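The values are calculated or read from the model by the stated rules, or taken from the named source; none is laboratory data. What you are looking at is a predicted structure, and each value in this text was computed from that prediction instead of being measured. Here the Cβ positions follow ideal geometry from the backbone for every residue, glycine too, while neighbour counts run over all protein chains shown.
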Amino acid sequence: MNTKKIAIAIDGPAGAGKSSISKVVANELGYLYIDTGSMYRGVTWAVLDSQIDVKDQVAVEALLPSLNLTLEPTATACKVYIKGKDVTSLIRQQQINDNVSTIASYKGVRQYLVERQQEMAAVGVILDGRDIGSVVLPNAELKIYLTASVDARAKRRWLEVQGTSNEQTLDEIKKNVVSRDEMDKNREESPLVCVEDAVVVDSSNMNFDETVAYILNLVQETINHE
Ligand code: CDP
């Protein structure tokens, strides 16, 4: 069996399951998993914590050099640190969901984070986000565009937040998912696109295990062809 390690890029819209699927696939393969969305969320947390106006691009970008944003990928999560503080759980709050796509539309923010992502990337790695196949890892051996219908994605997010402090109605979640997709697809700087050489995986009618198995199969096929 060919055991060559490759780089895998997974992009797709909000709530498609990229993070949870990538984590399990990376564990199965013994690969490093880098959740790039958590870095955009980390910057958003720092902006809100500093009481900077999210719409003030100049002030947001001026904050970047002082952030010392680091990512510590572990087997169970990508831990995010800002100035040494572990913000991993804080970046999942609703306020972050509501503001992250504005922060992610800023050129300076993207440059700052893409540089860090490329420094961490090598072979034997899975990166997930919106611009991985197009900008961060344009030479990745396998590119996947993981998607699902808006209803399926909103329902999954809704199930995830049941019983947590982030509980919301299905309708509220659907609105956030739709508005983030709109912003991510229509922004000027590296918008969410499905690149030509990506394999589209529509998981609307696949459960979690089926999606993981499908992607593991794509990885094996890619390695066999290398
Ligand atoms: O909620 P979900 O897991 O789908 O999103 P995420 O991966 O945590 O990313 C949060 C937000 O960060 C996205 O809606 C994008 O606005 C932004 N993002 C980006 O612009 N580029 C990336 N490579 C990753 C995330």
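Of note:
- Restricting 175, 143 to residues that are more than 10 Å from the ligand (Cβ to nearest atom), in a strand (DSSP E or B) and either at pLDDT 95 or above or of a type in the set (Asp, Glu) (or both) narrows the list to 143.
- Residue check, residue 94 surrounded by fewer than 19 Cβ atoms within 10 Å (Cβ to Cβ) and either modelled with pLDDT under 95 or over 26 Å from residue 207 (Cα atoms) (or both): yes
- Just one of (1) part of a loop (DSSP other than H, G, I, E, B); (2) over 30 Å from residue 106 (Cβ atoms); (3) not β-branched (Val, Ile, Thr) fails for residue 224. It is (1).
- Residue list for region 25-64, restricted to those being β-branched (Val, Ile, Thr), within 15 Å of the ligand (Cβ to nearest atom) and either surrounded by fewer than 17 Cβ atoms within 10 Å (Cβ to Cβ) or outside any helix (DSSP H, G or I) (or both): 34, 54
- Candidate set from region 178-199 (those that are in contact with a Ser or Thr (Cβ under 7 Å, 6 or more places away or on another chain) and not in a loop (DSSP other than H, G, I, E, B)); member that is surrounded by the most Cβ atoms within 10 Å (Cβ to Cβ): 184
- With respect to the conditions (1) touching a helix residue (DSSP H, G or I) at 6+ places or on another chain (Cβ under 8 Å); (2) more than 9 Å from the ligand (Cβ to nearest atom); (3) hydroxyl-bearing (Ser, Thr, Tyr), residue 19 lacks only one, and its number is (2).
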